[in-house]
Amino acid sequence: MEYLFIKLVHIFSVLIYGGFLFTDNLILMRMQKVLSKEKYEEVRSYFRGFTRTIVPEALVLAVISGVFLFHNSFGSVGENGLTHFQLLLSIKAILGLWLGLRGVLQVFFGIQPFIFKSHKLPFILVVVIVILSQVMFYV
């Protein structure tokens, strides 16, 4: 039951974080083309204020629950090395930890880490993580 609860927390927290990235990259950036600069800044500031209250906490929850799920799902390494599942799970975990570290440094410490300043790369990484999370069960 504990595993199910943590998995649900993980899914919902990833949904919040991924939804934020989806909205920022695919909706707000498109609005910039059709709204006046003032109106766009107004919409963006409203969105920023709302997301700063929930998205950082969701990202931290996603990382913590992801570490727990990784620990419980990885299994032992066999004589032939990592299975395809373990390899894809490891890649997924590394990407998730990187996103988590970047988010924590940026939001909680005001550090703009790792060179870039947009949400395009995190959005792409979340899409890759979601694909890996499904593919790893079928290889």
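Checked against the criterion of being touching a Gly at 6+ places or on another chain (Cβ under 9 Å) and touching a residue at least 24 places away in the same chain (Cβ under 8 Å), the candidates Leu21, Leu59, Leu69 yield just one match: Leu59. Looking at segment 78-88, can you tell me whether even one residue there is closer than 21 Å to Val14 by Cβ and surrounded by fewer than 13 Cβ atoms within 10 Å (Cβ to Cβ)? Among the residues of segment 78-88, not one is closer than 21 Å to Val14 by Cβ and surrounded by fewer than 13 Cβ atoms within 10 Å (Cβ to Cβ), which makes the answer no.
Going residue by residue through segment 102-116, is there one that turns out to be touching a residue at least 24 places away in the same chain (Cβ under 8 Å), surrounded by 15 or more Cβ atoms within 10 Å (Cβ to Cβ) and under 17 Å from Phe22 (Cβ atoms)? Within segment 102-116, one or more residues are touching a residue at least 24 places away in the same chain (Cβ under 8 Å), surrounded by 15 or more Cβ atoms within 10 Å (Cβ to Cβ) and under 17 Å from Phe22 (Cβ atoms). Somewhere in segment 34-48, is a residue open to solvent by less than 90 Å² (accessible area, probe 1.4 Å), touching a residue at least 40 places away in the same chain (Cβ under 8 Å) and either among the charged types (D, E, K, R) or over 19 Å from Leu121 (Cα atoms) (or both)? Checking segment 34-48: not a single residue is open to solvent by less than 90 Å² (accessible area, probe 1.4 Å), touching a residue at least 40 places away in the same chain (Cβ under 8 Å) and either among the charged types (D, E, K, R) or over 19 Å from Leu121 (Cα atoms) (or both).
Among the residues making up segment 44-79, a single one is more than 23 Å from the chain's Cα centre (by Cα) and not in a loop (DSSP other than H, G, I, E, B): Gly78.
Residues in segment 80-102 that are assigned to a helix (DSSP H, G or I) and more than 16 Å from the chain's Cα centre (by Cα): His84, Phe85, Gln86, Leu87, Leu88. Is one or more of the residues making up segment 1-22 farther than 16 Å from Gly103 by Cα, surrounded by 15 or more Cβ atoms within 10 Å (Cβ to Cβ) and either among the polar types (S, T, N, Q) or modelled with pLDDT under 90 (or both)? No, that holds for no residue. Restricting segment 49-59 to residues that are over 12 Å from Gly103 (Cβ atoms) and among the β-branched types (Val, Ile, Thr) leaves a set whose member that is surrounded by the fewest Cβ atoms within 10 Å (Cβ to Cβ) is Thr53. All of (1) touching a residue at least 12 places away in the same chain (Cβ under 8 Å); (2) loosely packed, with under 15 Cβ neighbours inside 10 Å hold for Leu95 with one exception: (2).
The values are calculated or read from the model by the stated rules, or taken from the named source; none is laboratory data. As the structure is a computational prediction, the values presented were derived from the model and not from experiment. Quick reminder, even Gly has a Cβ in these numbers, built from the backbone with ideal geometry, and neighbours come from all protein chains shown. Heavy atoms of the whole protein, side chains included, go into the accessibility calculation; ligands, DNA and RNA do not. Shrake-Rupley method; radii C 1.70, N 1.55, O 1.52, S 1.80 Å.
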